[in-house]
Each structure stands twice: as C-alpha cells, then as structure tokens.
Amino acid sequence: MIDLHCHILPGLDDGAADLGVALEMARAFVADGVAVVACTPHILPGLYHNSADGIRNATSALQAVLEREGIPLRLVPGADNHIAPDGPARLRSGQMLALADSRYVLIEPPHNVVPQRIEAAFFDLQLAGYVPILTHPERLKWIEGHAHLIRKLAGAGVWMQITAGSLAGSFGSRAQYWAERLLEEGCAHILATDAHDVDRRRPDLSRGAELAARRVGHEEAWHLVSTRPRGVLDNVPTADLPLPERLGRFSGLLHDGDGVIGGVDAPKSQGASAGRGLRGITGRLRRLLAI
C-alpha cells in the first residue's frame, strides 16, 4: 500500500515531534503493510513556514536514517498545502509542493468555513496542468451545508482524499457518515492516514482499506490505497487510471438540501459473511504487496 498524506517529518509541524516518533511511525507503517509514504507537512503561511526545498531536504535526511536503521520504507516529498488563490505561482516558486514533484497536489481548505473563490482556486490549478486533491473533505465542518460543492468539484476533476480513521469513527460519527457516503457516491479517489504520531493519529491504512472494502468492494479498496496512489507517484494522467464508480446506496435517504433527514446509513451486516470480508482483504492486500 501507499500512503499519500502523512506528517512523519520530525519537528516541521504538528506531526512527529522528534526523530524517535518519526522512527516509530515508520516501523508502524511497515508493520501495517505500507511500502511508500508521502511526507506531507503543512504549508500554512503564518503558522507553518515550510518550503518545497526544506521538505525535500528533510525527506532525504529521514530516508537516510531509515536506511541506517534497516526500516524498509520509501519516502517521497509532498505537502499538505493550504488553499491559496495563487496556487500555480506558489508551486512554481517553491512556496507549495506537489506530491513527489508530480502533477498531483494536496490542497487543504479551511476547516470551519468555505473559502472564497474555492472553485476558481481549483480551476486555476487545473488550468496550469495540476490535479488538485482536496484533503479529508469528510472532516470539514462545512460539508453539512455544502456537500453539493464537494460533488461539483469531484465532477470537475478535483480528486478527494478520505482519511482512513474517519471510516473507523476516529473523527466522530458525522465524519464517518460523510466518508462512507463519499465512497459510495464515487467521490473518493484516495484513502490516506493523515497520521501524526503512533498514539492518537497513528498509521492505520490497512484498517481503512478493510472498512472501505465493506462499502465499495475489494477491488475499489485496492484502487484507493495502491492503484491510484501508485499512479500519482508515477505522474500518470487521470485518464489512464481507474476512477471510482457511484454505487447509489444512499439514493433512498431523504434530504433537506444537503442535510440528511432520514439519518445515517447503518453499517452493513456484521454477520459471518461481513467478518470473512474484513479478514479477507488484509490477507489479499499483503499477498498483492508480496508479488
């Protein structure tokens, strides 16, 4: 598996506090079946003053330590870039950083309010040849009243990255609901950990893949954690990658605008067949990784 959103670089933001935590995270990733991690510290003017060159250098330094420690985890540079109206210019100047210097770039909007001209900001990135990936839309407080905007952006070619922990309820029932809903509506392209440490925000990609498989099947779960992430690292055009399909399982819910009247869709059966499916995907992921 490949994790495209992780705060493993020590001391650069609110992620790994020091090298010891970073090494613990790296070992946890390997134990979880992850082969490649994108190091994506925040770039947020006024709070986290990271730059493209600084992140590349920090990634190389941590990779060297992992090799000395015998930890078989490949690191690539990236950033959790705060949305900006001049994104293309910031990418060219090194004030923002794409994933592995590809056409794919993580974009984090404000958590509490819809940013002004959000559609224009994403369009400008696309016009400049980038594929923006909106990070953890299911956790945004404003998704309740603006789900139509998330769907519109996804339909316009903006990729969506769901957090693995959201599917397990780690960020609350509403984030879990929206993560499941975006998956089943075909609006989720990437599953990532957004890991910050080994305790509260630990690497948990295999668990997320198992839960995603329950909602969208094993094949799509593999696309979320391997096929599309590999395409990102290889800078493959989106047209050459499998896109998610809408399953329509939420079509029976009653809606009031973007608010759900009918309640949260219940998880599927917890019986024997569901249990076998959950146990099966971990083995399948690990067998595929071994090929």
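The numbers here are math on the coordinates, done by the rules we state, and not lab data. What you are looking at is a predicted structure, and each value in this text was computed from that prediction instead of being measured. Note that we place each Cβ from the backbone using ideal geometry, even for glycine, and neighbour counts take in every protein chain shown.
Looking at the stretch 4-86, the DSSP beta bridges with both ends there are about 10 percent antiparallel.
Between Glu144 and Ser60, the modelled labels are 4.7 nm apart [label points 7 Å from Cα along Cα→Cβ]. With the simple model of a label 7 Å out from the Cα in the direction of the Cβ, Ala35 to Ala156 spans 3.6 nm. How much net charge surrounds Ala239 when only the other residues with a Cβ under 15 Å from the Cβ of Ala239 are counted, with Lys and Arg +1 and Asp and Glu -1? Value of the local net charge: 0.
Cα extents for the stretch 3-109 along the principal axes, largest to smallest and rounded to whole angstrom: 41, 25, 22. Distant-in-sequence amide contacts of His5, defined by a placed amide H-H separation under 5 Å and a gap of 5 or more residues or a different chain, comprise Ala38, Thr193, Asp194. Shape class for the stretch 172-244, computed from the alpha carbon gyration tensor (a ≥ b ≥ c): oblate, with a/c not under 1.5 and a/b at or below b/c.
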